[in-house]
Amino acid sequence: MHFPFSKFFRRSVSRRRQTGSLGRGSFQAGIAQLSSERLEDRTLLSGNVSASLSGGKLTVVGDNADNDVTAEVTPMGDLVIAGQNGTTINGVAQWSIPATAVSHVAINMQGGDDSLAVDGGNPALASLSGLAWIQLGDGHDQLSLENLNFGGGLVVYGSGGDDAISIDNSHLRSGLVAGGTGADKIAISESAVDGLMRVWGQEGDDSIAISESKFDYKLRIDGGSEDDEILVSKIAVTEKSLGIWGASGNDEIQVEGSNIRHYLFAKGGSGDDQITISETKMGWHLWLDGDAGNDTLIANKVDVGTTAIILGYKGDDFIEFSESTADRATIRGYSGMDDIRVDTVNIDKSLRIYSGKDDDLVGVVDSHIGRKLYWDGSYGNDGFCMCGSTVGGLTKLVGGVGDDLISLSGNEFGYKTYVYGSYGNDTFVLAENDDVGNVFHRGLYVWMGKGNDSALVTGTHTFETKLNVYGSSGYDQIGIEDGQNFARRPRLYSVDIVDPGAVQPRVDDMLEYLENAFPNFRTSCFVKNPGVVIGDNPQVVLIIDVSGSTSSAFQGTPVGDVNGDGSADTILDAELAAIIAFHEEFVMAGLGMDSTVSVIVFATSAATIDLDPITPGVQTAVSPGLDLNMNGIFDFEEAVSGITSGFMGVGGSTNFESALVEATNLFPTIATPEGDPNVVFLSDGGNNTGGPFDDDVAALMGLGANLLAFGVGQGASLPDLQIINPNAMIFDSTDDFVQTFLDLI
């Protein structure tokens, strides 16, 4: 007997679920925006600024008007300080001195919305041996420092108001930049700092961007109170470390493409924070600390020389450690309902996961742990899933107190594996992953603990030494499918052997509980990956069920009346919203010139729709993103928005065979030289008309087609869909359904 675990285990996990306002594109745009906003045009600025030089100290003092001042070192070596837009310097338009006469600078712009732009022209000419101290004063001020050499260090205080401060192509011995109160923007780019550099947003919703710069000692960034954005891109810390504090507020912290000699520390502080570290190398440690709040902590494509430590602390946290390497890693969820993902990581020594109090979800996918894997569920009804991974040494999994689900699929364990149910009604599952079972080289030992516990062994697994299962107090049971590779007879103590079908309901109950408890459950490793569109030039045929039942209501976030048939938020509306979202993603992906998209509608029969509003006849395949009638709407969206129940006279029943035959006949007529055939099949029901269709599935596969299948609504038939794709999934709300379609490309 073999049980369908189609909704059970998936191989790839690393996608963003809790995306904030800063994606990778907006991260780079944010840096560019901060740089471009250094100085806006001022047309009503005025006032008088006094400037004096004494003993090498340059003193500049503004007044309470809106002063606009530029300072520039000429090729001849003169420092020219000039007023702009009506501002005067010592009562005249400009004032100049030899740049070499200046060793120290003290600037106080005082009140008003001031603008100060200093351009050294060449850092070798504009070099200060002493300290440069700049006080912007109250008001919404702007400061731009370019091409300068601060040999004695730089101190900038923004004080009150929404200030914009930028430092570009400059060299600092050390530095402190403090924004003060207000929503400040601070940018440092293409610069170098010898000593300690500290950037402090202080109060207000601040934006801090550090890019393409080198820090020989330490870089410290503190967002301060309120909601801050901290962006660090392509920097090098050559001697010490990078430390980032979000402090209070809902902060977004992102570090990408950087190289840190020692360690990187980032702490969100109180508030719902988002911390993302990507494509960054640390010589020593990575330490992420969410602190209080519902935080998102992501380390993706990082290279950690020694230890990666990720701490969620208080709140319902999402933690992802993916596509990375480390010597060791420790992840702690602490209190709150935490979702912890470890995906495609290579850890030389040990991985330790402490999911903490409350109900937690943990997944380890496609990863390698060299020596030891340890998981402690502590308190709560936890789910732990591991698939497609290897452990070279000891594995120890402890469910703790609560009703826990522990599942292992397609893994290889080099040494002994211990599983402890501890307290609660626990469930332990062995299953296949992509038709690959688990391999236990040195024995599997399961202690069920107190409570009514269940174990299910489905698929085929290899036990090179022992399988020992120990029951305890309560009623404990195990169901084992035939065909296992046992080197020795299993040893079962105080455990009833039952038909695997008797255990399945308990597994389903736990899966349902976890799905209801965790918003991102469908992207966890408990859910098998339905697949993605493949190829550099995908030719995608979307097969849409338009039978009578698709006019029924669908749950989840409303999508409206997509097809204008007078009924909003139906199953068909959800199907159309999903394929429209897919098409938009298809366009943005920028795939090859031979890419096409087609749409087949089916019910009792099937038909391919015309996607071209201009060309005569039925154009069954078009390039994504066309707007041939130039009305500002994609031709694809315009065409599918008119699909209604029974469209093109296909009837009202559900005939999978007719749809698959239509697709089989379509592909040879639309094939492009470099095209990669893909079929995406949607239905809200089971095959209730027509004959068997497994031969039609085989015919499509013979054409090289990649087949994906999805059920829409509770009436969908998973067994029928699994004939098309064994990894088929059913969705009962628009939220997960539309998101999954966005992830197909």
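The values are calculated or read from the model by the stated rules, or taken from the named source; none is laboratory data. Since the structure is predicted, the reported quantities are computational estimates derived from the model, not experimental observations. Positions of Cβ are backbone-derived with ideal geometry, glycine not excepted, and every protein chain shown enters the neighbour counts.
Brief remarks on what is shown
- Number of residues in segment 305-351 that are of a type in the set (D, E, K, R), without any contact (Cβ under 8 Å) to a residue 24 or more places away in the chain and assigned by TED's automatic domain parsing to the domain that holds A517 equals 2.
- Single residue of A487, A517, A502 found to be of a type in the set (G, A, S) and under 30 Å from T296 (Cβ atoms): A517
- Across segment 588-617, the qualifying residues are those that are assigned to a loop (DSSP other than H, G, I, E, B) and touching a Leu at 6+ places or on another chain (Cβ under 9 Å), and the one among them that is farthest from G642 (Cα to Cα) is T615.
- Residues of segment 177-193 that turn out to be free of Cβ contacts under 8 Å to residues at least 40 places away in the same chain, under 19 Å from F150 (Cα atoms) and surrounded by fewer than 24 Cβ atoms within 10 Å (Cβ to Cβ), as a count: 3
- The residues of segment 701-729 that are in a helix (DSSP H, G or I) and surrounded by 19 or more Cβ atoms within 10 Å (Cβ to Cβ), listed by number, are D720, L721, I723, I724.
- Looking across segment 154-169, the residues that are touching an Asp or Glu at 6+ places or on another chain (Cβ under 7 Å) and of a type in the set (S, T, N, Q) come down to S159, N169.
Quick grid of which residues meet (1) surrounded by 22 or more Cβ atoms within 10 Å (Cβ to Cβ); (2) farther than 30 Å from G474 by Cβ; (3) in contact (Cβ under 8 Å) with a residue 60 or more places away in the chain:
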{"position": "N537", "(1), (2), (3)": "no, yes, yes"}
{"position": "V541", "(1), (2), (3)": "yes, yes, yes"}
{"position": "V546", "(1), (2), (3)": "yes, yes, yes"}
{"position": "T570", "(1), (2), (3)": "yes, yes, no"}
{"position": "V599", "(1), (2), (3)": "yes, yes, no"}
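- Test: residue in segment 730-741 that is in a loop (DSSP other than H, G, I, E, B) and either in contact with a helix residue (DSSP H, G or I) (Cβ under 7 Å, 6 or more places away or on another chain) or in the same structural domain as S567 (by TED's automatic domain parsing) (or both): yes
- Residue match in segment 285-294 (condition: farther than 26 Å from F215 by Cβ and among the aliphatic types (A, V, I, L, M)): yes
- Some residue of segment 655-664 being acidic (D, E) and not in a helix (DSSP H, G or I): no
- Reported count of residues in segment 156-171, each being over 18 Å from D216 (Cα atoms) and either outside the structural domain of L58 (by TED's automatic domain parsing) or surrounded by 20 or more Cβ atoms within 10 Å (Cβ to Cβ) (or both), is 9.
- Tally of residues being under 28 Å from the mean Cα position of the chain (by Cα) and of a type in the set (A, V, I, L, M, F, W, C) across segment 175-214: 9
- If you go through segment 48-63 and keep only what is under 12 Å from V102 (Cα atoms), in a loop (DSSP other than H, G, I, E, B) and touching a residue at least 60 places away in the same chain (Cβ under 8 Å), you end up with just G56.
- Only one of the numbered conditions (1) part of a loop (DSSP other than H, G, I, E, B); (2) out of contact with any helix residue (DSSP H, G or I) (no Cβ under 7 Å at 6 or more places or on another chain) is not met by N563, and that is (2).
- Complete set of residues in segment 268-307 that are at pLDDT 95 or above and either touching a Pro at 6+ places or on another chain (Cβ under 9 Å) or aliphatic (A, V, I, L, M) (or both): I275, I277, M282, L286, L288, L297, I298, A299, V302, V304
- Test for I208: is it assigned by TED's automatic domain parsing to the domain that holds V49, farther than 27 Å from G271 by Cβ, assigned to a strand (DSSP E or B) and hydrophobic (A, V, I, L, M, F, W, C): no
- Residue match in segment 604-625 (condition: modelled with pLDDT of 95 or more, within 23 Å of V533 (Cα to Cα) and surrounded by fewer than 16 Cβ atoms within 10 Å (Cβ to Cβ)): no
- Condition met for S174 (polar (S, T, N, Q), closer than 18 Å to Y217 by Cβ and crowded, with 24+ Cβ neighbours inside 10 Å): no
- Among (1) on the phi < 0 side of the Ramachandran plot; (2) surrounded by fewer than 24 Cβ atoms within 10 Å (Cβ to Cβ), the one test that S367 misses: (2)
- Among residues of segment 432-446 being at pLDDT 95 or above and assigned to a strand (DSSP E or B), the one that is nearest to N411 (Cα to Cα) is V439.
- A single entry from V429, V446, V401 fulfils the requirement of being in the same structural domain as V495 (by TED's automatic domain parsing), over 22 Å from D338 (Cβ atoms), β-branched (V, I, T) and touching a strand residue (DSSP E or B) at 6+ places or on another chain (Cβ under 6 Å): V446.
- Residue within segment 497-505 that is assigned to a strand (DSSP E or B) and in contact (Cβ under 8 Å) with a residue 12 or more places away in the chain present: yes
- D743 vs. criteria in contact (Cβ under 8 Å) with a residue 40 or more places away in the chain, surrounded by fewer than 22 Cβ atoms within 10 Å (Cβ to Cβ) and in contact with a Gly (Cβ under 9 Å, 6 or more places away or on another chain): no
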